[in-house]
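Written below as structure tokens is the structure these notes are about.
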Amino acid sequence: MNKPSIDLQEAKKRSIADLMQLFSVTEDGLAASEAEKRLQAYGPNEITEKKVNPFIKFLSNFWGPIQWMIEAAALISLIIGQLEDFIIIVILLFINVLVKYIQESKASNAIELLKKKLSPSARVRRGGQWIVTNARELVPGDVIRVRLGDIIPADVKLISEGYLDVDESALTGESLPVEKKINDIGYSGAIVRKGEMDALVILTGMSTYFGRTAKLAEKIDRPSHFQRAIVKIGNYLIIVTLLLVLLICIIEILRGHNIFYILQFALVLTIAGVPVALPAVLSVTMAVGAIALTKKEAIVSKLVAIEEMAGMDILCADKTGTITQNAICVASTAPYGTYKEEDVLLYADLASREEDKDQIDMAIIENVKENKELATAVSQYKVLSFKPFDPVWKRTEALVKKDDSKFKVTKGAPQMIVALCKGDSNFEKDVNEHVERFASDGYRTLGVARTVGDDIWEFVGVIALHDPPRDDSLDTIKTAQSMGLDVKMITGDHVAIAKNIAKKVGLGIDIQPQTAIIDVPDEKAAEIVERADGFAQVFPEHKYRIVELLQKKGHIVGMTGDGVNDVPALQIADAGIAVAGATDAAKSAADIVLTLPGISVIIDSIKESRKIFRRMTNYSIYRMGETIRLVFFITVSIIFFNFYPISALMVVLLALLNDFPIMTISYDNVLYSSKPERWNMRTLLGVSTALGLFGVFASFGLLYIGINMFHLDHEILQSFIYLKLSVAGHLFLFVARTKGPFWSVLPSPILFLTVVLTQLIATIITVYGILLPAMGWKLALFVWGYSIIWFLMTDILKLLIYRVLEK
């Protein structure tokens, strides 16, 4: 096929007619078949990221501090002639790297899936019909419409009358919006702040000026509260381990022991003590959580939001579409002066545009269509130009013609329409009475006006719109409150409407107007915001301030939004939530993007986030307790008893084989907390330290039995102790994963089966002498029985510790 192409400089110079001819397209757009051919020729309208070669990515897992220590231990084994240890360490290293590579690939694939789900949509004219399609399917020659809140999906030439205010700061660094008119160029990735225009697609994908569309999904690249706590735990374990290992090295060198063996043992003990699996567990847990949320119609665009939502204690929820159905219908009309009800609906219909699929416009248009006489009357008018809704002037406007007369019509926020019109002293009072009456019934209102004579605006009347609460809002809000979440309603509607809806859904009715925090000192305003049940008649800048004030009071705040002017509030919130039907700009700023309306999706997201937090807390307790249990036992044995309880190879087996079940903790069954989650390091350190030290006593108890009761020689004793450390380690995982008795939450099948499999391997290699000295079934069964008894006592101790610490 003919594959027309042109650069942007040439496109700027050439006329619209020339470009339409070049791309063989009319105002009706491309035919669907032609668009499909061009998609094959040009490729998808997306940015192809540079992929790392899978083999290189696999090899990179051998590079890093932990890997260096394992590799050094293998090299030392070779130097001192322990060839068997060298081979085993190398094999185990390869297995560990392979598992890590597979798990991280799963996480990467999850991110790719989210990116595809979050790719922006576009309104495109195909065969004379406006359709909505994925922006990646746009091709040069397509006629598209860009409007308020859109991210321009390709490089385009603007071809219709009107204007756009476009934010190009991501491209040019220019902080102020740039005004665009017919014949101007719009760049891919720019955000439409005002206006609406048709455009001709010139360049797509990698050929665009920007080189990429807005980044709507990202990997973990900024530390959250959660990640910072995990890093602190990791650093704590590393420092404790290194200090103890250094102490062992100094004492053993002073005792005159083999320097190479000391170094080898020190390296592998360090490997066992530091949280080798921590990065993999974190990334896999986040990815699994993101996929789980996707199944519940909540797409994660910034993975750290999962962590922030676990601690969220205040949710600022938009009323329309979140608490209410967003199924707007015309409830009533109140004409003004000599106008009739039919006039109010007629002029409101003319000030609406069906193809934009705006909820309010569609409610009015559908109402008019149901009245055949009114629909016939509308058809006698011709709309010459249309100005879409703008969040600043809060109204739409159209220039219409009937026969030889032209006039303008407008609809929008009553206060804005009243400000346009002139009336007697009672005019504004009469309109406000209508607005107040409708608002007390829970109806939002629109003012309607038209021009007469020399463009003098005349008030036509008020339309009442009804948007009932969602059926699930009452129960969902009760659930949220039971979870320790304070839900505050935020709406641009009248205070009386907000109070009416709040009463129906079980929220408090202390709804404040935005004036309550305007020109008020921050300290006083923060108290008002914290105390209030919600805010009405708010503008985007008020949303931003509400979030900021709550954060200053120490709250973790979630904020919902859907429009381009909600972007600042979504960005500053700890968890920015773009609701169903949000603009691309809002999606790009949000952390979570909802694909279904309603507050229940948000609550599901919070529940899932708290589950993820619990999994990571369980892992942290296990990892800290296990390090104390293992490293302290070995350190005390060597320093005070001049005795190596296990060999270097056994330490490697413990460190690497026991990490396999830990990977599956991301899939473990947990209960979500009934209150917002916060990192309580006192509890975390207290529980893990106490349980870890209790495990040290258990290990010395078995060591005493092995020496003084069974009279085992050194090599058999090491296998004896190794099996105990291995079995007890995973039994300790079952203790750490619940706050209640270990049976209160059953482990996931994959976690349980992995633990059983690894401990079966540990038992067999010690019983039959595979890799390690053989000790037989009698000793192995004794170790299992001993470990189970201490496991039950450890679980009882855990319950007592939690009871004391949480008081």
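The values are calculated or read from the model by the stated rules, or taken from the named source; none is laboratory data. Predicted model, so just to flag it, every value in this text is computed and none were measured. Backbone-built Cβ (ideal geometry, glycine too); neighbour counts: all protein chains shown.
Couple of notes before you dig in:
- Among the numbered conditions (1) without any contact (Cβ under 8 Å) to a residue 40 or more places away in the chain; (2) surrounded by fewer than 21 Cβ atoms within 10 Å (Cβ to Cβ), the only one that Asp430 does not meet is (1).
- Count of the range 590-618 residues, restricted to those that are out of contact with any Pro (no Cβ under 9 Å at 6 or more places or on another chain) and in a helix (DSSP H, G or I), is 17.
- Taking the range 648-764 and the helices (runs of 4 or more DSSP H) fully enclosed by it, the elements with 2 or more residues that are over 30 Å from the mean Cα position of the chain (by Cα) and without any contact (Cβ under 8 Å) to a residue 40 or more places away in the chain are at 681-708.
- Residue in the range 620-629 that is at positive phi and either modelled with pLDDT under 85 or surrounded by 24 or more Cβ atoms within 10 Å (Cβ to Cβ) (or both) present: no
- Pair list, Cβ under 6 Å, 6 or more apart: the range 14-32 residue part of a loop (DSSP other than H, G, I, E, B), other residue small (Gly, Ala, Ser) and surrounded by fewer than 17 Cβ atoms within 10 Å (Cβ to Cβ): Asp28/Gly128; Ala31/Gly127
- Here Ile76 qualifies as assigned to a helix (DSSP H, G or I), surrounded by 14 or more Cβ atoms within 10 Å (Cβ to Cβ), at pLDDT 70 or above and hydrophobic (A, V, I, L, M, F, W, C).
- For the range 340-358, the tally of residues that are loosely packed, with under 15 Cβ neighbours inside 10 Å and at pLDDT below 90 stands at 3.
- Residue pairs meeting the criteria (Cβ under 6 Å; at least 6 apart or on separate chains; first modelled with pLDDT of 85 or more, in the range 528-546; second of a type in the set (D, E, K, R) and not in a loop (DSSP other than H, G, I, E, B)): Gly534/Lys488
For every residue, the table says whether it meets (1) under 15 Å from Asp318 (Cα atoms); (2) not hydroxyl-bearing (Ser, Thr, Tyr).
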| residue | (1), (2) |
| --- | --- |
| Thr445 | no, no |
| Thr451 | no, no |
| Asp454 | no, yes |
| Lys488 | yes, yes |
| Asp493 | yes, yes |
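- Within the range 344-402, the set of residues being part of a helix (DSSP H, G or I), among the hydrophobic types (A, V, I, L, M, F, W, C) and in contact with a strand residue (DSSP E or B) (Cβ under 6 Å, 6 or more places away or on another chain) comprises Val344, Ala348, Leu350, Ala363.
- Enumeration of residues in the range 415-430 that are closer than 30 Å to Arg470 by Cβ and either part of a strand (DSSP E or B) or at pLDDT below 90 (or both): Gln415, Met416
- So Lys411, is it within 30 Å of Ser673 (Cβ to Cβ), at pLDDT 90 or above, in contact with a Gly (Cβ under 8 Å, 6 or more places away or on another chain) and surrounded by 18 or more Cβ atoms within 10 Å (Cβ to Cβ): no
- Pairs meeting the criteria (first residue in the range 329-353 and touching a residue at least 12 places away in the same chain (Cβ under 8 Å) and on the phi < 0 side of the Ramachandran plot, second residue part of a loop (DSSP other than H, G, I, E, B) and surrounded by 16 or more Cβ atoms within 10 Å (Cβ to Cβ), beta carbons under 7 Å, at least 6 apart or on different chains) are Leu350/Tyr381.
- Residue tally, condition outside any helix (DSSP H, G or I), touching an Asp or Glu at 6+ places or on another chain (Cβ under 7 Å) and farther than 29 Å from Glu436 by Cβ, over the range 516-557: 4
- Residue match in the range 500-521 (condition: acidic (Asp, Glu), at pLDDT 90 or above, within 23 Å of His555 (Cα to Cα) and within 30 Å of the chain's Cα centre (by Cα)): no
- Residue under evaluation Thr285, criteria (1) more than 23 Å from Ile556 (Cα to Cα); (2) polar (S, T, N, Q); (3) modelled with pLDDT under 75, criterion not met: (1)
- The condition of being under 20 Å from Lys357 (Cβ atoms) and either in contact (Cβ under 8 Å) with a residue 60 or more places away in the chain or not aromatic (Phe, Trp, Tyr) (or both) holds for only one of Val418, Val378, that being Val378.
- Strands (runs of 3 or more DSSP E) contained in the range 446-515 and holding at least 2 residues among the aliphatic types (A, V, I, L, M) and buried (at least 20 other Cβ atoms within 10 Å of the Cβ): 456-466, 486-490
- Unique match (being in contact with a Gly (Cβ under 8 Å, 6 or more places away or on another chain), of a type in the set (A, V, I, L, M) and within 30 Å of Tyr236 (Cβ to Cβ)) among Ile577, Ile628: Ile628
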